[in-house]
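Heads up, the thing below is written out as structure tokens.
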Amino acid sequence: MFRSYRFEHPRTERSVVVYGHSYIWAGLLGAAYVRWIGYGSILQAIVINLVFAVGTILFLGVTSYVSPLQQFLALAIGLPTIVIIQGTLMVSLVKNGFRRRGWMIRTAD
């Protein structure tokens, strides 16, 4: 489900690998993950983090008005979905950052 990538610098042959579990870390850490990898637009990552934070707060607020069983199901499905979507966007930012700097991108499957 989550594609792994290997980024290789064309001159120095330095490589960075983003594995499938990196999507979870990117979803949980957001802009900090993009900064830690070192490539990608930090400003875009912060904006994405803020949008997802506001969306998550609204989601949590809405679920407080439903029955406990519905709330449990919504949270059990909704929160992991939010983390996965944010992680996918963060890895995409990292991938685009490497591409803009001329690194070669290969799938590491």
Positive end of the dipole of the chain, charges at C-beta (+1 Lys, Arg; -1 Asp, Glu), about the Cα centre: which of 85, 96, 73 has its Cα farthest in that direction? 96
Are there trypsin sites (Lys or Arg not before Pro) in region 72-109 that DSSP puts in a loop and that have at most 15 other Cβ atoms within 10 Å, and which ones? 101
For the pair residue 69/residue 56, report the inter-label distance in nm, with labels modelled 7 Å from Cα in the Cβ direction. 2.8 nm
If every alpha-carbon in the chain counts as one equal scatterer, what log10 I(q)/I(0) does Debye give at q = 0.11, 0.14 1/Å? -0.41, -0.60
About its Cα centre, what dipole magnitude does the chain give when the only charges are +1 on Lys and Arg Cβ and -1 on Asp and Glu Cβ, stated in debye to the nearest 20? 480 debye
Relative contact order for region 5-107, counting Cα pairs under 8 Å that sit 6 or more residues apart, in percent: 46 percent
Normalise the Cα radius of gyration of region 57-109 by 2.2 N^0.38 Å (N = residues in it) and let me know the number. 1.75
Taking Cα atoms only, helix 42-63 is inclined relative to the longest principal axis of the chain by an angle, in degrees rounded to 10, of 20 degrees
In degrees between 0 and 90, to the nearest 10, how far off the longest principal axis of the chain does helix 68-100 point, with axes built from Cα atoms? 20 degrees
Output for region 1-48: trypsin sites (Lys or Arg not before Pro) sitting in coil per DSSP, at most 12 other Cβ within 10 Å, listed by number, reads 11, 14
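Coordinate-derived values only; no laboratory data. Since the model is a prediction, treat every value here as computed from it, not as a measurement. Glycine also receives a Cβ, built like all others from the backbone with ideal geometry; neighbour counts cover every protein chain displayed.
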